[in-house]
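Student: One structure, pasted below without further comment.
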Amino acid sequence: MRKNKPNSPKNTFKDKPAPGSAKKDDLKGNEFSFKKFFRSFKDQRYRKIFGLLLIIVSVYLFLAFTSYLFHWQDDDFYLEDKAFSFGLLLDNTIIARNMMGRLGAITAHLFIKQWFGISSFLFSLAAFTVGFKFMTRRSVLPVWKTIRYSFFAMIWFCLALGFIFTSETWTIMGGTFGYESNEKLNGIFGKTG
């Protein structure tokens, strides 16, 4: 039979380590890793929040791109030959006609004029498809197939619209990517290539 020891006071204070040997382990185990990041999507709350964020971004991009198609010449006057910066975003002298404000005008100018032309609308489609899948676990369209086809179509639409609309005033159709790629391809293969 086991004897009960008398109640002795417990030491609730930790021994203090020597001043020179103390290591800082405050953040140990809290390092960023993609494995931990993607593991957090098993929690339904994170998935739904991320899905809702993607849907909001896709709607925002769609509205900014659509408004840019109607007011691109007015917004282009303020944004041409300016690099994106937060100073540009906070500059009150810029009056954007884009319905999404200065951020929408800058984003649409970057995506449509500087990058991929009107095929940038496919970013909105891909973001909506992924966001809807994360939120509801149902897919409007097959997610990976939509992303692959959108990327493929975006590249080819840029090149085709850059070939059709060769004037620099219509670079919004194929974007700078389509226009410049077309110039390089015409230099290598000629107009028939």
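Student: Condition first: modelled with pLDDT of 90 or more, farther than 30 Å from Ile49 by Cα and open to solvent by less than 50 Å² (accessible area, probe 1.4 Å). Can you find one or more residues in segment 132-145 that meet it?
Tutor: Among the residues of segment 132-145, not one is modelled with pLDDT of 90 or more, farther than 30 Å from Ile49 by Cα and open to solvent by less than 50 Å² (accessible area, probe 1.4 Å), which makes the answer no.
Student: Could you check segment 84-113 and list, in sequence order, the residues that are in a helix (DSSP H, G or I) and surrounded by fewer than 19 Cβ atoms within 10 Å (Cβ to Cβ)?
Tutor: Phe86, Gly87, Leu88, Leu89, Leu90, Gly101, Leu103, Leu110
Student: Can Gly131 be described as of a type outside the set (A, V, I, L, M, F, W, C) and more than 23 Å from Ile56 (Cβ to Cβ)?
Tutor: The answer is no for Gly131.
Student: Can you find a residue that is touching a residue at least 40 places away in the same chain (Cβ under 8 Å), at positive phi and not aliphatic (A, V, I, L, M) anywhere in segment 98-116?
Tutor: Within segment 98-116, none of the residues are touching a residue at least 40 places away in the same chain (Cβ under 8 Å), at positive phi and not aliphatic (A, V, I, L, M).
Student: Give just the number: which of (1) modelled with pLDDT of 75 or more; (2) open to solvent by less than 100 Å² (accessible area, probe 1.4 Å); (3) among the hydrophobic types (A, V, I, L, M, F, W, C); (4) outside any helix (DSSP H, G or I) does Phe65 not satisfy?
Tutor: Checking Phe65 against (1) modelled with pLDDT of 75 or more; (2) open to solvent by less than 100 Å² (accessible area, probe 1.4 Å); (3) among the hydrophobic types (A, V, I, L, M, F, W, C); (4) outside any helix (DSSP H, G or I), the one that fails is (4).
Student: Also, I was wondering about something else. Every residue in segment 156-179 that is in a helix (DSSP H, G or I) and farther than 15 Å from Ile112 by Cβ, please.
Tutor: Once the filter is applied, which keeps residues that are in a helix (DSSP H, G or I) and farther than 15 Å from Ile112 by Cβ, segment 156-179 yields Trp156, Leu159, Ala160, Phe163, Ile164.
Student: For segment 164-183, what are the residues that are surrounded by fewer than 14 Cβ atoms within 10 Å (Cβ to Cβ), among the β-branched types (Val, Ile, Thr) and under 18 Å from Asp81 (Cα atoms)?
Tutor: Residue satisfying the conditions is Thr169 alone.
Student: For Phe116, are the conditions met, namely being closer than 16 Å to Leu54 by Cα, at pLDDT 90 or above and of a type in the set (A, V, I, L, M, F, W, C)?
Tutor: In short, no.
Student: Quick one: count up the residues across segment 148-163 that are within 22 Å of Leu63 (Cβ to Cβ) and open to solvent by 60 Å² or more (accessible area, probe 1.4 Å).
Tutor: Final tally of qualifying residues: 1.
Student: In a helix (DSSP H, G or I), at pLDDT 80 or above and exposed (fewer than 12 other Cβ atoms within 10 Å of the Cβ), is that true of Gln73?
Tutor: yes
The values are calculated or read from the model by the stated rules, or taken from the named source; none is laboratory data. As the structure is a computational prediction, the values presented were derived from the model and not from experiment. Methodologically, a virtual Cβ is constructed for each residue, glycine included, from the backbone with ideal geometry; neighbour enumeration extends over all protein chains shown. The accessibility values were calculated without ligands, DNA or RNA, using every heavy atom of the protein model including side chains. Shrake-Rupley method; radii C 1.70, N 1.55, O 1.52, S 1.80 Å.
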